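Please read the structure below before turning to the comments.
The values are calculated or read from the model by the stated rules, or taken from the named source; none is laboratory data. These numbers come from a predicted model, not from an experiment. A quick note on method: Cβ atoms are made from the backbone with ideal geometry, for glycine too, and the neighbour counts reach across all protein chains shown.
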There are 2 protein chains.
Amino acid sequence: MRKKILELLRASGNVPLSGEEISHQLEVSRTAIWKHIQTLKNEGYEIDSVPKKGYILKEAPNRLFPQEILSHLQTKWLGRSICYEDSVASTNNVAKLLANQGCENGLLVVAEEQSGGKGRLSRGWVSPHAKGIWFSVVLKPPFLPQEASKCTLLAAVAVVKAINKLAGVEAAIKWPNDILLMGRKLVGILTEMNAEFGHINYVVIGTGINTNTTVDDFPDEVKPLAVCVAEAAKEPFTRVQLLCDILQNMEDLYEQAVSEGFAPVLAEWRKYSCTLGQEVKVIAPDMTYFGQAVDIDDEGLLMVRKEDGTMEKVVAGDVSIRPAAAKNGAYA
Amino acid sequence: MRKKILELLRASGNVPLSGEEISHQLEVSRTAIWKHIQTLKNEGYEIDSVPKKGYILKEAPNRLFPQEILSHLQTKWLGRSICYEDSVASTNNVAKLLANQGCENGLLVVAEEQSGGKGRLSRGWVSPHAKGIWFSVVLKPPFLPQEASKCTLLAAVAVVKAINKLAGVEAAIKWPNDILLMGRKLVGILTEMNAEFGHINYVVIGTGINTNTTVDDFPDEVKPLAVCVAEAAKEPFTRVQLLCDILQNMEDLYEQAVSEGFAPVLAEWRKYSCTLGQEVKVIAPDMTYFGQAVDIDDEGLLMVRKEDGTMEKVVAGDVSIRPAAAKNGAYA
C-alpha cells in the first residue's frame, strides 16, 4: 500500500495530491491513508502537507527500502523479492540461510550496514551504515558447478558497467572480481556456491560497493587502499538507482550466459579489466612469482607469462599489479 | 573414561578384570568405575559381573558409539572427531552446520537413523534405525572447486573396496557414485560442496550403506531396487568395522590425491565400475539418448558413444544401464 501511495505522489510531482483522491484511487479509507503517510514520514520520507490541497513528496530518505528499489527496478525476476534489513552480520549469510530454506531464484538481500561483512579468503569488509550498497543475490543457475566461478566475473562486469555509466567514472576490474577506482578498492565481490555432483543448488553473489564512505570509516591499514564512488563521481547518483542499474545489468548478462554461454561476459570482462597487460605478482598457494598478465582463458583463469617465458594459469591466490609498472593508476 | 574401561576389558578378554584393578590403572575411585560400568550396560554393552573376580565384556551393542569407532579406527585424522546422534534428519545437514561453524577437517557425523535422509537431486534415502551406516564426513581439501566432483568418485572407491573386502561380496560402482550389488542399490553417496572463487570452503560427503535392511523398510516402488550387504555377505562383519575400513580407505585415497592428483583414484574407479562397457540410457537435462559407456575422462565425466557414433560427455543427469544388455547382473 505504501509503495502505491508513493507511486501516486511521485506521479503527481509538485502538484499536491489530496488524501481524498488517494483514498479514492486506492479504495481505502482516508484514515488509513493518513496512517500510511505518518509511517512514511517516520521512515524518513519528507512529505509536505499543504492545507486544503494535499500531500507533496519532497524527498525520499537515503534508504534502500524495498518500495524504493521496486519503484525503480525494471528487471523481470532479479531482485523482485527483497529481504531488507537495517543491520545484519553479513548479507551473504542471510542469503545462504534463505537459499537453504528454498527461496526463489533472484532473491535480493540488502542491508544498510553489515557488522561482519565478508570478503574473499575469510577477509573482512567494512560496511558502515548507509555509506555503501551491501547486497547479495541468490541465483539458481542451470550452469555446471565447474562454471560457477564465471558468475563472479559476470557480477564484476554488471557492477563496473553500472557505476561507470551512472557516476561517470572509470573504474576497472582487477582479476578476478575486485573493482578499483584510481588504483584503490571500490567494490568487493564474494561469490559462494553450494553444489552437488553435476548440479548447482545455488550461488550467492555478495557485493559491497563503497558509495559515500569516508576515510574515517576504515582501519588505518585500509585507509590508503579504499575509495568510494562519490569521491570521483562526475554525475550525481542515488544508491537506489545504482543498485537497480546493477541488478538490470546482472539479469541481462545472466540471461545472455544461459542462452549463449559465457563468451560475451568474458569479452566484456576483458574490456573493463585493469589486470590484463600489466606486470603482476602472483602469490599462489605453492609459490610466488612475477610475470605479465596476458589474458583470461575460457574458464576465467588468469594467464600469466612468467619472467622465464613460460605460461602459468592462476586458479587461486592473490594477484597484485606491480605499482612501478601500473598504467592508468590502476594498482592494488 | 568409558572408552578406556572398554579398552581394558577388551584387552582382558575372557579373564575377569576386577573393579579394583581398573580403578588402580585409571586412577579413579571404584565407585566411579562401578557407575561407568552401569552406564555402559545401559548403553547396551553386555558386561558379566563374576562375583569376587571382576568384569568380562561379553558383547558390544550394535551401535556406532564414538568409543566403539575410536577403538577400531586406525586413521590419522579422518573420523577422529565424531558427532554421534541416535536420530537426525540428515547427517549431511548436521555436517554442513558444523562445517559452517568452523569444525576441523575430517569430522565424522554418524547417526543410527535419519528421518530425512537425502539422495542426489533432492531424492530421499531410507535410513532405518541401526540397519545401515548413515554417515557424513567434512573435508577441507586443497583442491580447486572444479575438482570437487572427483571427491565423490573417491568416496565411491573407498566404500566399495571396504565392503567387498570385508563382506566378501562383489559390489560395483554405477556412474557417478551409486554402489550396486546384484544389480540393486546398496549405497548412495551425496557430496555437497561449499566454495568461493578458487577455494573450497568444505566438502561434505554423505554416505548411506544398507547393511541389514529388510524389504519391509522400503516403500513399494523401492523394494525391488534395494539390497543390503548382509543379504549377500560371505563373511561376517560389524557396522563399526565396516565404517572404520571405509574411513581408512578414504583417508588413504585422499592423501594420495593430495600428493599425486586424482589419476590413481580414477584408475581404481574404473576397476570397480559396472557402467563402463555397458549399453546405457542417458537422461540429460536437455535430451535423452542411448549409447555405450566407454570411459570416464580426467574430470570423472562419463564418455558415451551414442548410437550415431558421436561421443557425448555426461556432466549431469541420470544414467541407467540397459537391463537387456547388462553383464554381471549389474543394472539399475
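Some points to look at:
- Screening A:Gly291 on (1) in a helix (DSSP H, G or I); (2) surrounded by 15 or more Cβ atoms within 10 Å (Cβ to Cβ) shows it passes everything except condition (1).
- Any hit, segment A:190-203, residues being touching a strand residue (DSSP E or B) at 6+ places or on another chain (Cβ under 6 Å), more than 13 Å from every other protein chain (Cβ to nearest Cβ) and either in contact (Cβ under 8 Å) with a residue 12 or more places away in the chain or surrounded by fewer than 23 Cβ atoms within 10 Å (Cβ to Cβ) (or both): no
- In segment B:205-224, residue nearest to the other protein chains (Cβ to nearest Cβ) [restricted to those that are touching a residue at least 40 places away in the same chain (Cβ under 8 Å) and over 12 Å from the mean Cα position of the chain (by Cα)]: B:Val222
- Of the numbered criteria (1) within 14 Å of another protein chain (Cβ to nearest Cβ); (2) surrounded by fewer than 21 Cβ atoms within 10 Å (Cβ to Cβ); (3) not hydroxyl-bearing (Ser, Thr, Tyr), the one B:Gln241 fails is (1).
- Cross-chain or 6+ apart pairs with Cβ under 7 Å, segment A:76-92 first and on the phi > 0 side of the Ramachandran plot, then part of a helix (DSSP H, G or I): A:Gly79/A:Ile69; A:Gly79/A:Leu247
- Search result, residues across segment B:225-275 that are within 17 Å of the chain's Cα centre (by Cα) and of a type in the set (S, T, N, Q): B:Thr238, B:Gln241, B:Gln248, B:Asn249
- One residue stands out in segment A:93-118 among those that are surrounded by fewer than 20 Cβ atoms within 10 Å (Cβ to Cβ) and in contact with a Pro (Cβ under 9 Å, 6 or more places away or on another chain): the one that is farthest from the other protein chains (Cβ to nearest Cβ), namely A:Glu113.
- Some residue of segment A:125-144 being out of contact with any strand residue (DSSP E or B) (no Cβ under 8 Å at 6 or more places or on another chain), more than 30 Å from B:Glu147 (Cβ to Cβ) and modelled with pLDDT under 95: no
- Unmet criterion (only one of (1) at pLDDT below 95; (2) away from every other protein chain (no Cβ under 11 Å); (3) part of a helix (DSSP H, G or I)) for B:Leu121: (2)
Every residue, every condition in (1) at pLDDT below 95; (2) farther than 22 Å from B:His199 by Cα; (3) within 14 Å of chain B (Cβ to nearest Cβ), yes or no:
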residue	(1), (2), (3)
A:Asp286	yes, no, yes
A:Arg305	no, yes, no
A:Val314	yes, no, yes
A:Gly317	yes, no, yes
A:Lys327	yes, yes, no
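- Checking A:Lys131, A:Lys161, A:Lys140, A:Lys150 one by one, the residue that is of a type outside the set (A, V, I, L, M), touching a residue at least 24 places away in the same chain (Cβ under 8 Å), more than 14 Å from every other protein chain (Cβ to nearest Cβ) and more than 23 Å from A:Glu113 (Cβ to Cβ) is A:Lys161 and no other.
For every residue, the table says whether it meets (1) surrounded by fewer than 22 Cβ atoms within 10 Å (Cβ to Cβ); (2) under 15 Å from the mean Cα position of the chain (by Cα).
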{"residue": "A:His129", "(1), (2)": "yes, no"}
{"residue": "A:Trp134", "(1), (2)": "no, yes"}
{"residue": "A:Lys165", "(1), (2)": "yes, yes"}
{"residue": "A:Lys185", "(1), (2)": "yes, yes"}
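- The set of residues in segment B:33-62 that are among the small types (Gly, Ala, Ser), farther than 19 Å from B:Val240 by Cβ and crowded, with 16+ Cβ neighbours inside 10 Å contains only B:Gly54.
- Condition met for B:Ile37 (in contact with a helix residue (DSSP H, G or I) (Cβ under 8 Å, 6 or more places away or on another chain), at pLDDT 90 or above, outside the structural domain of B:Thr191 (by TED's automatic domain parsing) and of a type in the set (A, V, I, L, M, F, W, C)): yes
- Residue satisfying condition, being in contact with an Asp or Glu (Cβ under 7 Å, 6 or more places away or on another chain) and of a type in the set (Ser, Thr, Tyr), within set A:Thr191, A:Thr152: A:Thr191
- Taking the criterion of being within 14 Å of chain A (Cβ to nearest Cβ), free of Cβ contacts under 8 Å to residues at least 40 places away in the same chain and more than 22 Å from B:Ser122 (Cα to Cα), the residues of segment B:288-303 that qualify are B:Asp297, B:Asp298.
- Taking segment B:150-181 as the range and being among the charged types (D, E, K, R) and either assigned to a loop (DSSP other than H, G, I, E, B) or more than 24 Å from B:Lys281 (Cβ to Cβ) (or both) as the test, the residues that pass are B:Lys150, B:Lys161, B:Lys165, B:Glu170.
- When every residue of segment A:177-190 is checked against the conditions, none turns out to be β-branched (Val, Ile, Thr) and in contact with a Cys (Cβ under 7 Å, 6 or more places away or on another chain).
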